[in-house]
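A.B. asks: There's a structure below that I have some questions on.
The values are calculated or read from the model by the stated rules, or taken from the named source; none is laboratory data. Since the model is a prediction, treat every value here as computed from it, not as a measurement. Note that we place each Cβ from the backbone using ideal geometry, even for glycine, and neighbour counts take in every protein chain shown. The accessibility values were calculated without ligands, DNA or RNA, using every heavy atom of the protein model including side chains. Shrake-Rupley method; radii C 1.70, N 1.55, O 1.52, S 1.80 Å.
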Amino acid sequence: MEEFVFTRTVGATSGPNSRAVACRDLRDWLELVEAAGELKRVTAPVDPSEELSAITYMATRGGTAPALLFDNLVGDRFSARILSNMLGASKERYALAVGLDPTLSTTDMIAATREIMKQRLAPVQVDKSAAPVNEIVLRGDEVDLTAFPVPKFWPGDGGGYIGTGDVTFTRDPQSGRINVGVYRQMVHGPARVGLYCSPGKHGRLDREAWWARGEPCEVVAAYGIDPVLFMVGAQAFSSGESELDVAGGMMGRPVELTEAEYVGLPIPANAELVVEGLLHPGDSAMEGPLGEFTGYYGNERSMQPVMEIKAGHCRRSPIITAALMANYPSCEIGSYYAIMRSARILDDLQRIGVPGVVAAYSHPAAASGWGMVIVSLKQQYPGHAAQALAVTAQCPAAAYFTKWIIAVDEDVDPTDFNQVMWALSTRCNPVDDLDILKNTWSTGLDPSQFPPEARPFGSKALINACKPYRHIKQFPQSTLLRRSTYERVVARWSELALSGSPPRLSTFHPE
Ligand SMILES: Cc1cc2nc3c(=O)[nH]c(=O)nc-3n(C[C@H](O)[C@H](O)[C@H](O)COP(=O)(O)O)c2cc1C
Ligand SMILES: [Mn+2]
């Protein structure tokens, strides 16, 4: 992506361009989402401790649930609200956030995402007095996070998490680059919040760089934020790159920032609830565990850095964006994540130069898209499928965690699991078509290995579910409709009183 040079008719930092999204903030986006019938307001009193997450989990098991806005929360002293299932399993709400057509198929949305994710647009600074996040400013002792409704998600969670669907800004002391990451934040006290960044994350590298200089690390955290900054904060970009520029590029309009009260970092001007503070070397407390996107509790409780909060900013009736971590389709890391990850895998395969790749998809049911990648290709030479499998398995966007890499022919849609299972069942002969890669890049969050110390290493199965290339000429023909007959039935669809619209088919019996 680094090689892409994006040019605009409007100056790169000066304003919106032809595809600028209509929404400036979470509230604008919620209006769009509500108009599309994708928002449910919950006005009955709800306890943020376990009940809010239970409602979210139960309401989302079917996979097509709206976003849930809770505005009557037990114990709230700040007229705050909580939004859950913000994006979840909905590709439509993702599309509304980044200005794509919500009726696009998943495959087309991945292609469109590849284009908008290449674009960069630097943020702009707005005046403090004009920033909606400054409707209420709290300094020093006025900050009391326990006055806000703080969700506790799962019975075994180590505490209440004000930050899950959040974004966190830190600065690289050397380059000045501002990083945006989504890192969980557990409330320890009125002005003390734990910040968990796993090894290698940019927020953690920034913190360590400040501490190595003997200085505290400044942090800005937004606990209610627009969906684009959240989604981009949750994606890994290179450490020198600011996710602020990526978010601006995806929206076609710059992220608006404003000056903070205490720290040198800026704060997002249109956020709902923001805190600024310091991570002091050696200041830590027990943190975790948290029920994770894997559907299991994650790492054991451990000592993690604590942020001393110096100031807070919020709108009136701020909306806290809470991300439930659960198994699909209830997980906040759902469709958008699968789409973005698939887009980046395709970028990698194109950059490396694997020919004939048609599509790729990492289905969110596979632990938020981490567990499996399916790649479709038009086989062109002996060994082509094996090459596509090996490169997909280890390309930067797919290498972490992924256990199952499946190659299918171009007539199989990777986003349609029924088709993938058909290919696995009819084109794959396990004795010949399975390979295993060992000691690969994985995560401590994968519970399948024991003892747990074995875990950061994983293994990967490469599954060739393409027609066997050696026998491709003798391989039986698929049963396909004749195009002329298909078109005749499409034309007669309403005469035949068949429900819905006729299915779209793209492959037909050879004429
Ligand atoms: C809802 C949600 C919660 C997350 N929680 C954490 C977390 O607590 N710690 C962490 O290191 N990464 C967490 N992540 C993953 C990071 O956001 C992701 O790895 C991102 O790339 C980090 O930004 P960075 O690449 O700039 O470090 C979370 C992601 C999401 C979507
Ligand atoms: Mn980063």
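A.B. asks: Given the criteria in contact (Cβ under 8 Å) with a residue 12 or more places away in the chain, small (Gly, Ala, Ser) and within 12 Å of ligand 1 (Cβ to nearest atom), does residue 160 qualify?
C.D. replies: no
A.B. asks: Now for a separate question. Within region 175-203, track down each residue that is in a loop (DSSP other than H, G, I, E, B) and either touching a strand residue (DSSP E or B) at 6+ places or on another chain (Cβ under 8 Å) or away from ligand 2 (no atom under 15 Å from the Cβ) (or both).
C.D. replies: Within region 175-203, 177, 182, 183, 184, 190, 191, 196, 197, 201 meet the criteria.
A.B. asks: Could you check region 228-255 and list, in sequence order, the residues that are assigned to a helix (DSSP H, G or I) and more than 14 Å from ligand 2 (Cβ to nearest atom)?
C.D. replies: Answer for region 228-255, where residues must be assigned to a helix (DSSP H, G or I) and more than 14 Å from ligand 2 (Cβ to nearest atom): 228, 248, 249, 250, 251.
A.B. asks: For region 395-492, which fully contained helices (runs of 4 or more DSSP H) count at least 2 residues that are open to solvent by less than 20 Å² (accessible area, probe 1.4 Å)?
C.D. replies: Ranges flagged: 417-426.
A.B. asks: Quick one: which residue in 53, 49 is among the polar types (S, T, N, Q), in contact with a Lys or Arg (Cβ under 7 Å, 6 or more places away or on another chain) and at pLDDT 95 or above?
C.D. replies: 49
A.B. asks: Could you please tell me which pairs satisfy a Cβ distance under 7 Å, a separation of 6+ or placement on different chains, a first residue in region 192-214 that is within 12 Å of ligand 1 (Cβ to nearest atom) and open to solvent by 50 Å² or more (accessible area, probe 1.4 Å), and a second residue that is in a strand (DSSP E or B) and at pLDDT 95 or above?
C.D. replies: 201/181
A.B. asks: Can residue 389 be described as touching a residue at least 60 places away in the same chain (Cβ under 8 Å), among the hydrophobic types (A, V, I, L, M, F, W, C) and open to solvent by less than 20 Å² (accessible area, probe 1.4 Å)?
C.D. replies: On the way: touching a residue at least 60 places away in the same chain (Cβ under 8 Å): yes; among the hydrophobic types (A, V, I, L, M, F, W, C): yes; open to solvent by less than 20 Å² (accessible area, probe 1.4 Å): yes.
Yes.
A.B. asks: Just the residues that are of a type in the set (Asp, Glu) and assigned to a strand (DSSP E or B), please, taken from region 271-317. Spell out how you get there, then give the answer.
C.D. replies: We begin by selecting, within region 271-317, every residue of a type in the set (Asp, Glu); these are 272, 276, 283, 287, 292, 300, 308.
Selection gives 276, 283, 287, 308.
A.B. asks: Still on this structure, please answer the following. Search region 119-142 for residues being surrounded by fewer than 20 Cβ atoms within 10 Å (Cβ to Cβ) and among the hydrophobic types (A, V, I, L, M, F, W, C), and hand back the single one that is nearest to residue 343 (Cα to Cα).
C.D. replies: 122
A.B. asks: I would also like to ask the following. Go over the candidates 100, 87, 96, 104 one by one and state the one that is under 19 Å from the mean Cα position of the chain (by Cα), open to solvent by 10 Å² or more (accessible area, probe 1.4 Å) and in contact (Cβ under 8 Å) with a residue 40 or more places away in the chain.
C.D. replies: Values: 100 fails: in contact (Cβ under 8 Å) with a residue 40 or more places away in the chain; 87 fails: open to solvent by 10 Å² or more (accessible area, probe 1.4 Å); 104 fails: in contact (Cβ under 8 Å) with a residue 40 or more places away in the chain.
Going through 100, 87, 96, 104 in turn, the sole match is 96.
A.B. asks: Mind checking which pairs have a first residue in region 486-498 that is more than 25 Å from residue 510 (Cβ to Cβ) and a second that is modelled with pLDDT of 95 or more, Cβ under 8 Å, 6 or more apart or different chains?
C.D. replies: As it stands, the answer is 496/489, since those pairs meet every condition given.
A.B. asks: Please specify each residue of region 224-280 satisfying the condition of being within 12 Å of ligand 1 (Cβ to nearest atom) and of a type in the set (Ser, Thr, Tyr).
C.D. replies: Listed by number, the residues that qualify are 238, 239, 242.
A.B. asks: Search region 226-238 for residues being of a type outside the set (S, T, N, Q) and farther than 15 Å from residue 94 by Cβ, and hand back the single one that is surrounded by the fewest Cβ atoms within 10 Å (Cβ to Cβ).
C.D. replies: 236
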